[in-house]
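One structure is given here, and the rest of the page talks about it.
The values are calculated or read from the model by the stated rules, or taken from the named source; none is laboratory data. These numbers were taken from a predicted model, which means no experiment stands behind them. Positions of Cβ are generated from backbone atoms using ideal geometry, with glycine treated the same way; all protein chains shown enter the neighbour counts. Remember, those area values only see protein heavy atoms, side chains included, never the ligands or the DNA or RNA. Shrake-Rupley method; radii C 1.70, N 1.55, O 1.52, S 1.80 Å.
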Amino acid sequence: MPKVLLPKAYNPKDVEAKWYERWERAGYFYADADDKRTPYCITIPPPNVTGSLHMGHALNHTIHDIVVRWQRMLGKNVLCLPGTDHAGIATQVVVEKELAKEGKTRHQLGRDEFLKRVWEWKEQYGGVILSQLRKLGCSYDWRRERFTMDDNYAKAVLMTFAQLASEGLIYRGHRVINWCPRCLTALSDLEVEHETHPSKLWFIRYPASDGSYGIAVATTRPETMLGDTAVAVHPSDERYKHLIGSTVILPLMWRPIPIIADDRVDPSFGTGAVKVTPAHDATDFEIGERHGLDKVMVIDEFGRMTEQAGKFAGMDRYECRKAVVEELDREGLLIRTEEYEVPLALCYRCGTAIEPLLSVQWFVHMKPLAEPAIEVIRSGKIKYVPERFARMTIEWLENIRDWCISRQIWWGHRIPVWYCRDCNGDRVREWHLPTGEVRIRADVDAEWFVAIEPPGCCPKCGSKNIIQDSDVLDTWFSSAIWPHATLGWPDRTRELDVFYPTDLMITARDILYLWVARMIMTGLKFANDIPFRTVYVHPTILTREGKRMSKSLGTGIDPLDLIERYGADALRFGLIIQCELGQDIRFSEERLDMARDFANKVWNATRFVLMNISDEALPQLPAMPELKRLPLTLPDRWILSRLQRAISSVNRHLEECEFDRAAKAVYDFVWDEFCDWYIEISKCAISGADSERGMIAKAILCKVLDCALRLLHPFMPFVTEELWQHLPHEGESIMVSPFPKVDEGLIDVEAEVKMDWLTELVSAIRNIKSEMGFPRTPCDALLFVSDESAKQLIEDNLWWIASLAQLKGIEFHGIEEARPKLAASIALRGVEVYVPLSGVVDVNKEVERVSKQLAKVMSELERVTHRLQNERFLQNAPSDVIEAERAREANLREQLERLKSRLDMLKELQPLA
RNA sequence: GGGCGGUUAGCUCAGUGGGAGAGCGCCUGCCUUACAAGCAGGAGGACAGAGGUUCAAAUCCUCUACCGCCCACCA
């Protein structure tokens with residue numbers, strides 16, 4: 001092998017782009033539906049086409065790629081299918097802003113022209129995030145990239161709508177929905193965010209029609225009173241019972257409205273009487289339905305007061321609020337105001353206050369879809385990790401409400417519904433907005449028909465005078481079919497046969513209902529099976545202060561910046577090591593330092609190995625299972641055994657989605673065991689006289705490192721590939737090499753126990769030397785051993801112990817022999833070490849050190865003794881625990897005796913010092 | 001209002017019935033030919049508070065406080 005000199009420090013920039021390109025070119029990311037190996041499939045949560053990578057994505061896709069690389073190395077036929085979401089409102093807003101720079105509005109362009117612009121924008125700028133995922137190292141099948149507006153996908157969306165409609169699961173409803181006055185569209189309940197906002201509670205008197213006091217109501221939205229059509233009280237409220245059925249006069253509008261009784265009213269809130277505005281409040285709407293009340297719209301789609309608002313017509317809703325309150329005050333009908341925190345509903349896209357508005361919208365009847373979904377979650381057919389999210393989802397599904405799926409925007413899947421104008425007369429009208437936009441307004445009882453391709457005429461009367469609904473579908477309606485639609489549904493494809501149901505859904509918590517639950521419902525309905533077997537809900541990344549990361553608040557961190565500074569491997573590893581099950585992450589950049597240091601550690605461990613094997617012909621390396629037939633030393637047996645433990649631990653944790661633990665297991669093995677001990681010991685073997693021992697050490701260094709790199713590869717793909725390529729290896733890339741499997745035959749408990757004892761011995765000697773201020777040079781030591789086997793073990797391993805503990809000239813003595821006086825000492829189970837003090841070192845210091853140990857041992861002994869004197873402990877504790885306590889007591893007692901006599905001895909010397 | 005998390009070393013977090021741990025930071029000594037992004041050694045914690053269960057509690061139960069999240073039609 002040619003001598004290869006790696007640079008002293010790892011530089012991610014030298015390798016990341018290079019390897020990513022080679023992997024992709026080699027086709028390692030691609031899955032083949034005809035591949036006969038066990039399939040493994042994940043469809044990624046499609047990011048918004050307008051999106052760019054944030055920390056949440058970085059974590060989400062680090063997890064994706066770890067799982068995918070791991071599964072691929074396990075020998076499965078792995079498909080990870082990427083793509084983007086057309087993100088209706090978000091994308092439309094982005095393109096409108098672009099237009100605004102040219103001084104244009106989308107209305108000036110018109111619908112078709114605008115949509116052309118959106119597509120142009122998408123082709124040019126969309127999906128930046130996918131290239132950012134490549135920088136992270138994501139090994140996805142880019143040939144299969146999908147977009148929720150692709151032709152095939154769009155067809156699947158419309159088919160879904162058509163089928164639901166044909167089964168009567170889609171209907172048009174006239175009810176109060178969430179309306180965003182800025183986006184000018186309806187929103188579903190899940191697209192609304194709730195906040196509280198300091199405001200007031202206004203108490204208003206509605207005088208009785210007979211001139212008496214009437215009734216007082218409390219409201220947070222006085223402007224809506226203009227549309228009141230009743231006042232409601234609780235039927236059993238004694239205060240108001242006599243008023244039920246009477247009439248009050250609605251102030252400012254001066255029209256009579258009834259006082260009605262309804263259970264919905266909470267007698268303890270405000271005055272116990274509530275004004276009812278059926279057109280502008282969902283609860284009031286229901287009350288109105290029950291009591292046959294008129295629904296008076298006083299606020300329009302723009303948030304302005306309508307003609308129905310009388311003299312307030314044309315005012316903005318907030319302006320009107322002020323005016324109404326002033327007027328009430330002048331009329332003497334404003335009783336008082338209280339400071340009050342009002343719950344506020346906001347548009348999740350633009351933050352504008354939602355206006356509950358009465359309108360005709362499209363809804364999906366959810367109950368029939370939810371029931372099978374509840375069943376598969378409850379039965380465990382779909383598993384949630386952590387499990388508590390299953391309970392939460394079931395609860396949400398059990399209380400599910402119908403889904404408003406129509407949106408009054410342009411960018412999206414246009415609802416495949418047509419109206420015949422001849423059949424409908426003026427039940428179908430054009431609504432001309434001041435912007436110039438024309439929308440179709442069809443009454444709730446208008447006749448409609450579904451047509452996926454533009455129909456030539458009305459199927460009923462044959463008229464060509466037909467018109468398509470102007471609304472588009474909720475973006476989440478199209479993403480709800482993502483797993484099966486991306487695999488080819490509604491066509492019966494090979495992909496669907498092989499890869500559906502998919503294996504894992506890796507997602508953030510905030511789209512559990514918005515997206516995940518809906519995929520389960522549509523998957524069961526249309527693909528006849530669950531969409532995925534397991535839902536893994538990963539943590540949310542918070543700032544160090546525990547606040548949400550947000551671009552607008554300036555608390556976000558750019559993952560690309562972190563890749564630039566630390567490298568992709570370090571970002572991945574630093575994130576994953578913080579990724580505990582069910583526990584949010586307060587992001588700490590120190591973990592990236594840790595990860596970067598680790599990458600460098602692995603780099604240098606490999607440099608060490610390469611330096612030692614490059615200048616000579618290493619004999620043919622035996623395969624891992626054959627290694628144990630060689631004359632192995634104790635450290636050889638130990639590191640092979642510890643490697644098996646690490647392999648087992650990594651695999652087990654990955655299976656359980658305990659990614660942090662899996663990463664930690666590799667980290668600890670590589671750093672604490674392989675580097676800190678085995679490499680150091682191997683130096684002794686290599687430079688020693690025994691050439692066979694050195695040769696075996698080199699072989700083991702190679703084998704163990706190779707395994708460690710493969711174990712680490714899913715976490716740190718780039719650096720492991722680069723290093724693996726420099727080592728002797730089989731195959732063309734580490735990413736298609738087999739993931740390490742445990743070889744039970746290499747687990748060696750005896751070697752582990754012995755090495756534990758010896759490393760403890762070495763550490764104890766180092767402690768003495770460091771604490772006592774010995775020079776770093778090797779010194780003499782006297783070892784008093786309790787038995788022959790202990791002595792033998794130390795002697796057999798002296799070849800490395802001496803070096804690691806910096807000792808020369810070791811004398812063995814029996815445990816009964818006299819100890820030297822002027823020496824520093826330490827006692828372990830079965831051995832006492834004495835390091836003679838030269839004149840330079842301070843005896844007082846040793847007294848101090850021994851006293852400290854003594855104190856520690858004494859307090860511990862006290863606890864143990866106390867426990868062993870406790871009758872009830874002896875009666876109730878399991879015997880192995882008692883046994884262990886007894887052994888511990890004996891050990892501590894022995895140590896105590898030695899430390900005491902040691903201290904006495906030193907104190908005699910003290911005057912000399 | 002309902003539900004779910006969390007509170008352990010200066011910081012970020014492991015540890016879920018029997019001897020308090022990691023990384024970073026801090027202190028001491030080392031440029032030991034893999035690595036100063038390193039090596040060796042060390043200091044540092046009444047495990048949020050109160051009660052209970054148990055021979056034994058950071059760990060199980062109850063309550064309280066504080067922080068965070070989700071759901072909900074108290075105007």
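List the residue ranges in chain A for DSSP H helices whose C-alpha atoms run 24 angstrom or more along the long axis and whose Kyte-Doolittle average is -1.0 or above.
A:55-73, A:590-613, A:634-655, A:691-712, A:749-771, A:843-869, A:879-909
Roughly speaking, what % of Cα-Cα pairs in the stretch A:434-563 are separated by over 25 Å, rounded to a whole number?
Within the stretch A:434-563, distances greater than 25 Å cover 56 percent of Cα pairs.
Using per-residue counts of other Cβ atoms within 10 Å, averaged over each peptide, order A:408-420, A:80-92, A:254-266 from highest down.
A:80-92, A:408-420, A:254-266
7 Å from Cα along Cα→Cβ at both A:Glu564 and A:Glu195: what's the point-to-point distance in nm?
According to this spin-label approximation, the distance is 3.0 nm.
Suppose every Lys and Arg Cβ carries +1 and every Asp and Glu Cβ carries -1, with no other charges. What dipole size does chain A come out with about its Cα centre, to the nearest 20 debye?
820
Using 1/(1 + (r/R0)^6) with R0 = 25 angstrom and r between the beta carbons of A:Asp14 and A:Ser52, what's the FRET efficiency to the nearest 0.05?
For R0 = 25 Å, the calculated efficiency reads 0.45.
Take A:Arg548, project a point 7 Å from its Cα along the Cβ direction, then tell me which residues of the stretch A:174-215 have their backbone nitrogen under 12 Å from it.
The answer is A:192-196, whose backbone nitrogens lie closer than 12 Å to the label point.
Which whole-number percentage describes the relative contact order of chain A, with Cα contacts under 8 Å and a sequence gap of 6 or more?
Answer for chain A is 12 percent.
Can you list the lysines whose alpha carbon sits under 20 Å from that of A:Lys155, skipping same-chain ones fewer than 8 residues off?
The qualifying lysines are A:Lys116, A:Lys122, A:Lys525.
What full-extension length gain, to one decimal in nm, is calculated for A:Glu656 and A:Glu123 as 0.36 nm per residue of separation minus the Cα-Cα distance?
187.9 nm
Stretched out fully, how many nm does the piece from A:Thr555 to A:Glu21 gain, at 0.36 nm a residue minus the Cα gap?
Additional length available on full extension: 188.9 nm.
For a Förster distance of 25 Å, can you work out the FRET efficiency between the beta-carbons of A:Glu760 and A:Leu6, rounded to the nearest 0.05?
Result of the calculation: an efficiency of 0.15.
Could you pull the accessible area for A:Met858 with a 1.4 Å probe, rounded to 10 Å²?
Estimated to the nearest 10 Å², A:Met858 gives 90 Å².
What relative contact order, as a whole-number percentage, does the stretch A:726-856 give when Cα pairs under 8 Å and 6 or more residues apart are counted?
26
Within 14 Å, Cβ to Cβ, of A:Asn399, how many net charges do the neighbouring residues add up to if Lys/Arg are +1 and Asp/Glu are -1?
-2
Dividing the alpha-carbon Rg of the stretch A:83-216 by 2.2 N^0.38 Å yields what?
The stretch A:83-216 yields a ratio of 1.65.
Determine the shape class of the stretch A:532-630: with a ≥ b ≥ c the square roots of the Cα gyration tensor eigenvalues, call it rounded for a/c under 1.5, and otherwise prolate if a/b is greater than b/c, oblate otherwise.
Since a/c reaches 1.5 and a/b is larger than b/c, the shape of the stretch A:532-630 is classed as prolate.
Checking a compactness column here: for chain A, what do you get for Rg(Cα) / (2.2 N^0.38 Å), N being the number of residues?
1.28
Step through the residues of the stretch A:186-196 one at a time and calculate ³J(HN,Hα) from phi using the Karplus curve (6.51 cos²θ - 1.76 cosθ + 1.60, θ = phi - 60°), rounding each to whole Hz and writing x for Gly and Pro.
With the stated coefficients, the stretch A:186-196 comes to 6, 9, 7, 4, 6, 8, 10, 9, 10, 9, 10 Hz.
Compare the Cα positions of A:Tyr140, A:Leu807, A:Trp362 along the charge dipole of chain A (+1 at Cβ of Lys, Arg; -1 at Cβ of Asp, Glu; about the Cα centre) and return the one farthest towards the positive end.
Of the candidates, A:Tyr140 comes out farthest on the positive side.
Roughly how much of A:Asp756 is accessible, in Å² to the nearest 10, using a 1.4 Å probe?
100
Considering only protein heavy atoms, with the full assembly of protein chains and a 1.4 angstrom probe, order A:His813, A:His280 by accessible area, largest first.
A:His813, A:His280
Could you list which residues have their amide H under 5 Å from that of A:Ile299, counting only those 5 or more apart in sequence or on another chain, with H placed in the peptide plane?
Placed amide hydrogens put A:Thr306 under 5 Å from A:Ile299.
I need the shape label for the stretch A:46-95. Rule: rounded when a/c is under 1.5, else prolate if a/b > b/c, else oblate, with a, b, c from the alpha carbon gyration tensor.
oblate
Taking N as the number of residues in the stretch A:1-117, what is its Cα Rg relative to 2.2 N^0.38 Å?
The stretch A:1-117 yields a ratio of 1.58.
Quick one: which residues, 5+ away or cross-chain, put their amide H under 5 Å from the amide H of A:Ala824? H built at 1.01 Å from N.
Residues meeting the amide H criterion: A:Val835, A:Leu837.
So, in nm, how far is label A:Lys907 from label A:Glu286 when the simple model puts each one 7 Å beyond its Cα toward the Cβ?
It works out to 8.2 nm between the two label points.
How large is the accessible surface per residue of the stretch A:465-596, computed with a 1.4 Å probe and reported in Å² as a whole number?
35
Under Stokes-Einstein, with the Kirkwood radius over Cα pairs standing in for Rh, what whole-number D in µm²/s applies to the stretch A:475-529 at 20 °C and 1.002 mPa s?
Estimated via Stokes-Einstein, D reaches 188 µm²/s.
Considering just Cα atoms, how many Å³ per residue does the convex hull of the stretch A:702-842 enclose?
Expressed per residue, the convex hull around the Cα atoms of the stretch A:702-842 is 156 Å³.
For the modelled label position 7 Å from the Cα of A:Gln108 along Cα-to-Cβ, which residues of the stretch A:78-96 have backbone nitrogen atoms closer than 20 Å?
Within reach of a label on A:Gln108, which here means backbone N under 20 Å from a point 7 Å along Cα→Cβ, the stretch A:78-96 contributes A:92-96.
Sort out for me the Cα centre separation of the stretch A:349-426 from the stretch A:244-314, rounded to whole Å.
One Cα centre to the other: 28 Å.
Peptides A:57-67, A:292-302, A:473-483: what's the order by average Cβ count within 10 Å, highest mean first?
In decreasing order of mean packing, A:57-67, A:292-302, A:473-483 become A:473-483, A:57-67, A:292-302.
Indicate, rounded to the nearest 5 percent, the antiparallel portion of the DSSP beta bridges found entirely in chain A.
Here the share of antiparallel DSSP bridges comes out near 70 percent.
Among the lysines, select those whose C-alpha is under 19 Å from the C-alpha of A:Lys845, and discard any that sit fewer than 8 residues away in the same chain.
Once the sequence-local lysines are set aside, what remains near A:Lys845 is A:Lys769, A:Lys821, A:Lys856, A:Lys900, A:Lys907.
How far is it, in nm, from the label point at A:Lys808 to the one at A:Asp210 when both lie 7 Å from their Cα along the line to the Cβ?
With each label point 7 Å from Cα toward Cβ, the separation is 11.7 nm.
Using the beta-carbon distance between A:Lys36 and A:Lys601 and R0 = 60 Å, what value does 1/(1 + (r/R0)^6) give for FRET efficiency, to the nearest 0.05?
0.90
Using a 1.4 Å probe over the heavy atoms of the protein chains, calculate the carbon and sulfur portion of the accessible area of chain A as a whole percent.
Ligands and nucleic acids excluded, carbon and sulfur reach 49 percent.
Calculate one ³J(HN,Hα) per residue across the stretch A:333-349 by plugging θ = phi - 60° into the Karplus curve 6.51 cos²θ - 1.76 cosθ + 1.60, and present them in order as whole Hz with x for glycine and proline.
My calculation for the stretch A:333-349 gives 9, 7, 6, 6, 10, 10, 5, 8, 8, 8, x, 10, 9, 10, 5, 6, 9 Hz in order.
With a 1.4 Å probe and every protein chain left in place, work out the accessible area per residue of the stretch A:748-894 in Å², rounded to a whole number.
Ligands and nucleic acids excluded, the result is 54 Å² per residue.
Net charge within 10 Å of A:Ala646 by Cβ-Cβ distance, Lys/Arg positive one each and Asp/Glu negative one each, not counting A:Ala646 itself?
After counting each charged neighbour, the total is 0.
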